[in-house]
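S.K.: The structure's right below; bear with me while I get my questions together.
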Amino acid sequence: ESKEKKKKIRKKRSKYSKKKKKVAKPDEFPDKLKDDLEMTRAELAFQKGDYPKTITYLEKALEFTKGKPQKARIAFILGQLYTKTGNSESAVKNFTTALRKSPDYEMEFYARINRAMAANGAGSEKLTKELKKMLKDEKNAEYKDQIYFALANIELNNGNKDQCIRYLHKSVAVSLKNPRQKGKSYLQLADMHFTDKDYLKAQKYYDSCAQAIPEGFPNGEEIKNKAEKLEDLVFNLETISLQDSLQRIAQLSPSEQEKFAK
């Protein structure tokens, strides 16, 4: 009797086993978390130094994000990354998005500044006018050094080197509470003079930069080393210049020397 029962059970089992098993479909990823997922992917790609992938994930995150503040934040980061990768058109577009979406004045200010810097000469007249208008606004009193720095870079992109230098000098002059920006302005002045092989001025600006920059400034040690190494060269150049001048005076006749002295 027990054998018969076992046969029946086996028969029943085999009958069910022949039926196709239904495969359960996994649940779809929740829409409300998709922006977080893409932001996490972007962060991982950024840590690996893969900027193109970071941009791709952030573009998707921007698509899924609903709130204005977060949209502004993602657009701002995209603007920075596009600037870093040399895509000025996309950088300007994203900084403009950040500007429109941001409820925060500080982000609005930096979006304007970064947009002007990323423009790379395109529409510079309009941007220059906008930045000069910002200089007159009392709200921007503490940001004047950054505005002058942005104006300097617009002029540099347009090939107006002298005007760029004038704006950099203004940036340094008004920079009282922002050592990082002061350092950036001094560094640009130093690099420009170094490129022109005006080592006397370059050394002085590298030295000023080394004294102004805070801890953690990019390539801070390299800047300090450059200032120190140029010091010997500058000393020798100044010695040569002085001796040349003295020898020129020595070769003059007594009457010419008197005339020169007067």
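The values are calculated or read from the model by the stated rules, or taken from the named source; none is laboratory data. Remember, predicted model here, so these are calculated numbers, not experimental data. Glycine also receives a Cβ, built like all others from the backbone with ideal geometry; neighbour counts cover every protein chain displayed. Remember, those area values only see protein heavy atoms, side chains included, never the ligands or the DNA or RNA. Shrake-Rupley method; radii C 1.70, N 1.55, O 1.52, S 1.80 Å.
S.K.: With respect to Asp207, determine if the residue is at pLDDT below 95, among the charged types (D, E, K, R), open to solvent by 70 Å² or more (accessible area, probe 1.4 Å) and more than 29 Å from Lys136 (Cβ to Cβ). Spell out the reasoning first.
M.R.: Details: at pLDDT below 95: yes; among the charged types (D, E, K, R): yes; open to solvent by 70 Å² or more (accessible area, probe 1.4 Å): no; more than 29 Å from Lys136 (Cβ to Cβ): yes.
Criteria not met by Asp207.
S.K.: Give the residues of the stretch 208-247 that are among the β-branched types (Val, Ile, Thr), touching a Lys or Arg at 6+ places or on another chain (Cβ under 9 Å) and either assigned to a helix (DSSP H, G or I) or at positive phi (or both), sorted by residue number.
M.R.: Here is the first cut: in the stretch 208-247, the ones among the β-branched types (Val, Ile, Thr) are 213, 223, 234, 239-240.
Cutting the leftovers down to touching a Lys or Arg at 6+ places or on another chain (Cβ under 9 Å) gives us 213, 234.
Result: Val234, single match.
S.K.: Kindly evaluate Tyr205 against the criterion of being under 22 Å from Tyr110 (Cβ atoms), of a type in the set (Phe, Trp, Tyr) and either out of contact with any strand residue (DSSP E or B) (no Cβ under 8 Å at 6 or more places or on another chain) or not in a loop (DSSP other than H, G, I, E, B) (or both). Talk me through it step by step, then tell me what you get.
M.R.: Numbers: under 22 Å from Tyr110 (Cβ atoms): no; of a type in the set (Phe, Trp, Tyr): yes; either out of contact with any strand residue (DSSP E or B) (no Cβ under 8 Å at 6 or more places or on another chain) or not in a loop (DSSP other than H, G, I, E, B) (or both): yes.
Against the criterion (under 22 Å from Tyr110 (Cβ atoms), of a type in the set (Phe, Trp, Tyr) and either out of contact with any strand residue (DSSP E or B) (no Cβ under 8 Å at 6 or more places or on another chain) or not in a loop (DSSP other than H, G, I, E, B) (or both)), Tyr205 does not qualify.
S.K.: Residue pairs, Cβ under 6 Å, 6 or more apart or interchain, first in the stretch 128-145 and more than 16 Å from Tyr105 (Cβ to Cβ), second open to solvent by 30 Å² or more (accessible area, probe 1.4 Å) and part of a helix (DSSP H, G or I). List them.
M.R.: From residues that are more than 16 Å from Tyr105 (Cβ to Cβ), the pairs are Asp145/Val174.
S.K.: Pull up the stretch 229-262, narrow it to residues that are under 45 Å from the mean Cα position of the chain (by Cα) and β-branched (Val, Ile, Thr), then point me to the one that is least open to solvent (accessible area, probe 1.4 Å).
M.R.: Within the stretch 229-262, the match that is least open to solvent (accessible area, probe 1.4 Å) is Val234.
S.K.: So, in the stretch 144-179, how many residues would count as being touching a Gly at 6+ places or on another chain (Cβ under 9 Å) and either among the β-branched types (Val, Ile, Thr) or at pLDDT 95 or above (or both)?
M.R.: Result for the stretch 144-179: 1.
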